[in-house]
Amino acid sequence: MEATAGTRLAEAPAVDAFVTDAPVAEALAQDAPGAPALARPVAHQRPAVTELRLSAFGPHRAAVFPLGPVTLFAGPSGSGKSQALDAYEALAALASGATLESVFPDPSARVPERAVPDAQRRRGFRIGCTVDGPAGPVRLDLAVQAEPTLRVVGERLAQDGQILLGTALRDPGRRTVQASWLTGGSVGMTRAPLPDDRLGTALLPLRVAGSTAGQRRVLTAAEQVVVALRSVFPCDPRPERMRAAVPPGAGRLAGDCANLADVLRRTRHECGTRHALLTEAARTGCAGPVAGLTVRDLPDGSVAALLDRGPGRPGTGLDRLGSGELRFLALALVLLTGPGVLAMDPAAELVSARQALTVLADDLDRGMDRRQGAELLRLAQICCARGQVRLVASVGEGCAGTARGLPGVSVVDLVA
């Protein structure tokens, strides 16, 4: 495994999507040819997942992956690139309150191959992460029984070597786990049952009063983990769904980016600077001249997006663009924007300006040529450098080769 991490860029003032564009615009300006590279390290002022652990998950055993501003998983088919992103997405969904059944519809597929069941025919998997932020690094580890019944059998939330929350399956006949969390004072620990199909860490704010120093420490750690994991946007642009005109809506981009035209309508009216940055990126990622990205209102009330080719030239609708061009436009828009324009539900514990959006993109460069992949990496490198956006993606070898050695970009090479 290779992890090539560059220096982090200086922290920018907190901003919400469509409030001010100065940080992104300044970062892109600083990236102009000849501009000096910023190299001041920054602390994790926004909660962010800095390590993914796959102790036993699919093809992975005892795997530990450090995550930086931009982390790309590379390797041959079957090496576990998609499984790594699936584990991250699963933790994010559980932190949002989802049940195990909804997150793992086929749990047996997550059990490591050749895993031997115990005397009770039980098999399972283990995943975890570390979240860094204002409270310092916090570890979350989760053990899940996949067979014969899907359930949580153990969870641990820890900081500085101290267990803040621990759960264990004491009675297989009950659909609960026995949980204990730090209380402090004369009590020491509080014990109570929790459901065996949900993440206990996400339930703590509903169960812990915060009346003691120990309880407040537990709440702070749990909220930091929940904020980081809920600030995730899984993105898989589907060109076949992006070509059609769409009805106008709230302008919040779906994970498959099928409503790209509606979101472009919003960015044109509410965020001229970011829309201009996207247009500039389109000049590199799309074939032919690009004077702008426009939206046309159709007679049936729907909207369609097109590339403005300049004076005297007809525009090109999204329905005529190649798959690589459409994926490039959608992913560039995601990197240039924020939670305010993405169909996601970030944690309410912190305002979005104090959260770091993490974009998960499996097969990031699918359908793209090297030029498009390189431009997308350049955008990711710039947009993720200030801590407001992070990218975790799987890529092909061509994109991985371009990324190796780029400041702020880590390439994790997996072996089948």
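The values are calculated or read from the model by the stated rules, or taken from the named source; none is laboratory data. Values in this document were obtained by computation on a predicted structure and should not be read as measured data. Quick reminder, even Gly has a Cβ in these numbers, built from the backbone with ideal geometry, and neighbours come from all protein chains shown. The area values use the complete protein model at the heavy-atom level, side chains included, leaving out ligands, DNA and RNA. Shrake-Rupley method; radii C 1.70, N 1.55, O 1.52, S 1.80 Å.
Structure values in brief
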| read-out | value |
| --- | --- |
| Net lengthening on full extension, VAL64/ARG174 (0.36 nm per residue, minus Cα-Cα) | 36.3 nm |
| Extreme residue, positive dipole direction of the chain, given options GLY312, GLN372, PHE104 (C-beta unit charges) | PHE104 |
| Tensor-based shape of the stretch 67-158 (alpha-carbon gyration tensor, a/c under 1.5 rounded, otherwise prolate or oblate) | oblate |
| Sites GLU240 and GLN45, calculated FRET efficiency, Cβ-Cβ separation with R0 45 Å, nearest 0.05 | 0.65 |
| Apportionment of accessible area to carbon and sulfur, the stretch 56-163, percent (1.4 Å) | 49 percent |
| Once exposed loop GluC sites (Glu not before Pro) are cut out (DSSP; at most 13 other Cβ, 10 Å), longest piece of the chain | 114-416 |
| Carbon and sulfur %, accessible surface of the stretch 183-287 computed with the full protein complex present, 1.4 Å | 51 percent |
| Accessible area per residue in Å² at 1.4 Å probe, computed on the chain | 42 Å² |
| Dipole of the chain [Lys/Arg +1, Asp/Glu -1 at C-beta], most positive-end residue of ALA48, LEU342, PRO247 | ALA48 |
| The chain - Kirkwood radius from inverse mean 1/r over Cα pairs (Å) | 22.5 Å |
| Two-site FRET efficiency, GLU280 against ARG371, from Cβ-Cβ distance with R₀ of 22 Å, rounded to 0.05 | 0.90 |
| Centroid-to-centroid separation of the stretch 256-282 and the stretch 55-113 [C-alpha atoms, Å] | 31 Å |
| On Cα atoms only, tilt of 260-270 relative to the major axis of the chain in degrees | 80 degrees |
| Gyration tensor (alpha-carbon) shape descriptor, the stretch 304-416, a/c threshold 1.5 | oblate |
| Total charge dipole magnitude, the chain, about the Cα centre, Cβ charges on Lys, Arg, Asp, Glu only, Debye to nearest 20 | 520 debye |
| With Cα atoms, 0 to 90° folded angle of helix 370-383 axis to the chain main axis | 60 degrees |
